[in-house]
Structures are given as structure tokens and as C-alpha cells.
1. What about residue 110, is it in contact with a Ser or Thr (Cβ under 6 Å, 6 or more places away or on another chain) and open to solvent by 50 Å² or more (accessible area, probe 1.4 Å)?
2. Would you say residue 99 is in a helix (DSSP H, G or I) and at pLDDT 95 or above?
3. How about segment 103-136: which of its residues are in contact with a helix residue (DSSP H, G or I) (Cβ under 6 Å, 6 or more places away or on another chain) and part of a loop (DSSP other than H, G, I, E, B)?
4. Just need a number here: residues in segment 143-178 that are closer than 19 Å to residue 80 by Cβ, open to solvent by less than 60 Å² (accessible area, probe 1.4 Å) and within 26 Å of the chain's Cα centre (by Cα).
5. Of the residues 139, 91, only one is hydroxyl-bearing (Ser, Thr, Tyr), crowded, with 16+ Cβ neighbours inside 10 Å and in a loop (DSSP other than H, G, I, E, B); which?
6. Restricting attention to segment 75-88, report how many residues are open to solvent by 10 Å² or more (accessible area, probe 1.4 Å) and not in a helix (DSSP H, G or I).
7. Run residue 115 past the list (1) touching a residue at least 40 places away in the same chain (Cβ under 8 Å); (2) under 13 Å from residue 83 (Cα atoms); (3) open to solvent by less than 20 Å² (accessible area, probe 1.4 Å) and report the number of the one that doesn't hold.
Amino acid sequence: MTPSPSDPNRERHRRLLQRQAVIFGSIGLLMAITLVVALAQFSGLLPSPFAREFSTEKEADTKPSYIPVCPPEGTVPVALTDITADVYNGTSRAGLAGSTAKSLGELGVKTGATGNFDAGYKGSAMIRVNADQIAQGYTISRLFPDSVVVLEQRDKAVIDVIVGDAYTEMSPADAIGKDPFAMPEGCQPPGDSAGDEAPAEDAEG
């Protein structure tokens, strides 16, 4: 028996096929759009909604800031033989304080203690001085490119030389010259320097 055009079973089957066509068509269209968007993001044409730079604290917020002291106007280098220095290692490189002290001694500097600088130092070298040792500190600084001379309120009779991660090698003695010292950018006059107490050192270097 041939079903009539108004057969309920045939009508339900037709509607089911229509729904299936709509569902599968929508899924296919969504997948195609997703693929196009993914390819565009992969090729850089569209930014990814999940892409973001990892945020880290600024270095200035995570490590100490050392402000150089200004040398008095007209200050010139002193003889290396008139300088006594303790040397500290601000890196993870074993023996750096000892080898640096040896190199300074070969240039005529009197060297005292060697050890580790507990806080670490990222720069080339930091030279710590009191108000009477500024000329000595700046003389030594010419042996360490990009070093900084920092004033401290202390009675220590010798200067401190702290070698850091950026240190590679010492300049020759003739790098000291005889010219007056220039004013480092952002330096503080001796009377304005805070002279905060520095982190401790230990006896290994």
C-alpha cells in the first residue's frame, strides 16, 4: 500500500531529516569558522585572546638601587699604592674575590679581606667609600668599566670593591690617567648621600 502525502509517519521522517540537516550544517559551519580563525591567529593576522605577556616585577622593585656619590669638583686620581681595599664577590662565581684582589695587588693596591657579598650585585663593580675615600674610590673605579662609587657613613679605614655579574676583566693601570673625575649622571653630592647600612659579607670569596 503506497502511503498518502498526508501520512503522519512520512511527515515526521521529513521533519527529522530537516532538523538533522540544520544541526549538522550548523556544526559544520561552526567548525569551518573555528578553523579559519585558528589559522588567522596562527599566522598572526588576528591576535590570540589567550596570548599575554608574563608579568614580572620591575628590577628596580626587586633589587637594591645604589646611587653614586659625586666626586668633589676637580678631584683627580691618587696613587694606587695609597689605596687599601677589601674585595667581595657579588656573584656565584667561586674565587672571584680572591682573583680580583690578586689583580689589584699586582697593580700596587694594598688588599685586605676577601669574601662574599651576601646581597649579590648585578653590575660590573660597586666601590663603597666614606667621605674621605671618594678620590680613592673613583681611582679604583677606572679599573672597572661601568662601576659605581657609593658613599657610606662608616669609620672603615679601607674601601670595599664588590665585583658583580657584569664584571669581565680589569682595565690596565694606564686607564686611570690623570684627568679629573666626571660627574656620573644622577649622582648625589657627599652631603646628600643617605649612607644606608649595606648588606653583610661573609668570609668566603
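1. Judged against the criteria, residue 110 is a match.
2. Details: in a helix (DSSP H, G or I): yes; at pLDDT 95 or above: yes.
Answer is yes for this residue.
3. Once the filter is applied, which keeps residues that are in contact with a helix residue (DSSP H, G or I) (Cβ under 6 Å, 6 or more places away or on another chain) and part of a loop (DSSP other than H, G, I, E, B), segment 103-136 yields 107, 108, 109, 131.
4. Residues flagged as closer than 19 Å to residue 80 by Cβ, open to solvent by less than 60 Å² (accessible area, probe 1.4 Å) and within 26 Å of the chain's Cα centre (by Cα) within segment 143-178 amount to 12.
5. Working: 139 fails: in a loop (DSSP other than H, G, I, E, B).
Every option except 91 fails the conditions.
6. 8
7. (2)
Here's the yes/no breakdown for (1) modelled with pLDDT under 85; (2) closer than 15 Å to residue 149 by Cβ:
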{"site": "38", "(1), (2)": "yes, no"}
{"site": "52", "(1), (2)": "yes, no"}
{"site": "55", "(1), (2)": "yes, no"}
{"site": "62", "(1), (2)": "yes, no"}
{"site": "69", "(1), (2)": "no, yes"}
{"site": "77", "(1), (2)": "no, yes"}
{"site": "80", "(1), (2)": "no, no"}
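The values are calculated or read from the model by the stated rules, or taken from the named source; none is laboratory data. Since this is a predicted model, take the numbers as computed values, not measurements. Cβ atoms come from the backbone with ideal geometry, glycine included; neighbour counts cover every protein chain shown. Note: accessible area is taken over every heavy atom of the protein model, side chains too, but ligands, DNA and RNA are not part of it. Shrake-Rupley method; radii C 1.70, N 1.55, O 1.52, S 1.80 Å.
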